[in-house]
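The structure appears below as structure tokens.
The values are calculated or read from the model by the stated rules, or taken from the named source; none is laboratory data. Since the model is a prediction, treat every value here as computed from it, not as a measurement. Note that we place each Cβ from the backbone using ideal geometry, even for glycine, and neighbour counts take in every protein chain shown. Calculation scope for accessible area: heavy atoms of the full protein, side chains included, ligands and nucleic acids excluded. Shrake-Rupley method; radii C 1.70, N 1.55, O 1.52, S 1.80 Å.
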Amino acid sequence: MAVFSTWIFRDNSESTDIPIEQITKANQLPQQQHKSIIIAGCLIFLSLGKTHVVRLLFDFEKKYDFTYVDEIFRSKYKHQPASTIVPNKSCSDLCIQAVVLYTFISIYLFNATDIRESAFRNTKVGLRILIEYLATIQKTYFNDESIENKPPKEEIPAVPANKTTHSSEYKCSDHPYTIRIVHRTPLIVYIEKFLIPYEIHHLIKLAKPLFRQSTIYDNSGKLIHNDYRTSWTADIERHETPVVKCIEERFARFQGNLDLEYLEPLQVVKYTSEQEFKPHYDWFPTDDLVQSSGQRLTTFFTYLYSNCSRGETEFLKIPFHKSTHAKSCDILVCDEKSIKSGLRFRPISGNSIFWYNVDEQGKGDASTYHAGRPPKDGGLKIGLNTWTRSKKITPKKRKDVT
């Protein structure tokens, strides 16, 4: 078999030399067909004799531009034309090499197409399945969307099923995330990849049948509908599923392992094209409301989904400073309007904005004045509100929850 390594197939259209041993590996026949070709090669050898076989080899070399560099052939027949080669009386090593070599040439020249199709059919199918599977994963789980012009999409994306969602065996994800301090007074921290894709889709699935018109607190502490806030809201029950509890615990740990009873139940909000939450404060302005249920000390606003060209969260009383904020243009809107506008955060899926609503004395901080801008142009934005109170709260149960 050493003769295999001495052949090089030279393609006249390219300059690259391909070792014949690579072709041998790539073109392996089924066992039965392989045996048949070997037998046929042996019969040809016996019927034609060594002289004719050697002549055929040199003819192949000339016709198909094969370059044979085996020392045995070259040294022995270098100065002799093929017509003068005389066979030996016994089947020497040269005979065996000739048989094997001719058999291989027959396999390659007359069966190359069949060999490739037979050897690589399953490989092609497997690769196609793998590519389709990876494409599905990319589309389903990793469709993070930044703020850019995209086709309008009014419906909430589909959510993949997962058998562990409502199971007590579900384990919380201890995934890494990164933080940036965007502003110090008030403290505003930007958290990248705070929620993982599956948690995002799980929340959207829970919220989908629960959306209702959003409400706000009036001066007396009552919840009312108002054109000031035109989005849709879905209230998630505390610890409603193991996934929800994991998310709640992450928000609490970020604030120093806070007791979960200080957190308001998670609230998913949806903004379609022209829906918005006009400039407002999250902290309560009346003492009565603060005394009865505690002040809202902190806020997390987490982007779950965005398919819009706008939809920013804007802090109107915190000016954009090029020297300080220009390095954060991947998360902030930086354009010709920035200098005259407040800080505007882009809606990027999985990322959170965290800020303190009160100052060091516990009073509402006027500089936290912010707005949820409309997505515009047929866009859609889904977010998650998470508020922390100064007192433990006992939330009311939803009507559909017993």
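Miscellaneous remarks
- Condition check for GLU199: in contact (Cβ under 8 Å) with a residue 12 or more places away in the chain, of a type in the set (D, E, K, R) and not in a loop (DSSP other than H, G, I, E, B): yes
- Qualifying positions in region 280-324 - surrounded by fewer than 15 Cβ atoms within 10 Å (Cβ to Cβ), in a helix (DSSP H, G or I) and of a type in the set (Val, Ile, Thr): THR324
- Considering region 221-264, the residues that are small (Gly, Ala, Ser), buried (at least 17 other Cβ atoms within 10 Å of the Cβ) and not in a helix (DSSP H, G or I) include one that is farthest from the chain's Cα centre (by Cα), namely SER231.
- Residue identified as among the hydroxyl-bearing types (Ser, Thr, Tyr) and under 21 Å from LEU297 (Cβ atoms) among TYR271, TYR217: TYR217
- Members of region 373-402 that are open to solvent by 10 Å² or more (accessible area, probe 1.4 Å), in a strand (DSSP E or B) and not polar (S, T, N, Q): TRP387, ARG389
- Residue within region 264-286 that is free of Cβ contacts under 8 Å to residues at least 24 places away in the same chain, in contact with a helix residue (DSSP H, G or I) (Cβ under 9 Å, 6 or more places away or on another chain) and within 23 Å of LYS399 (Cα to Cα) present: no
- Taken together, the residues in region 329-372 that are part of a loop (DSSP other than H, G, I, E, B) and aliphatic (A, V, I, L, M) amount to 3.
- HIS370 meets the conditions (1) within 35 Å of the chain's Cα centre (by Cα); (2) surrounded by fewer than 22 Cβ atoms within 10 Å (Cβ to Cβ); (3) under 22 Å from ILE188 (Cα atoms) in every case but one. The failed one is (2).
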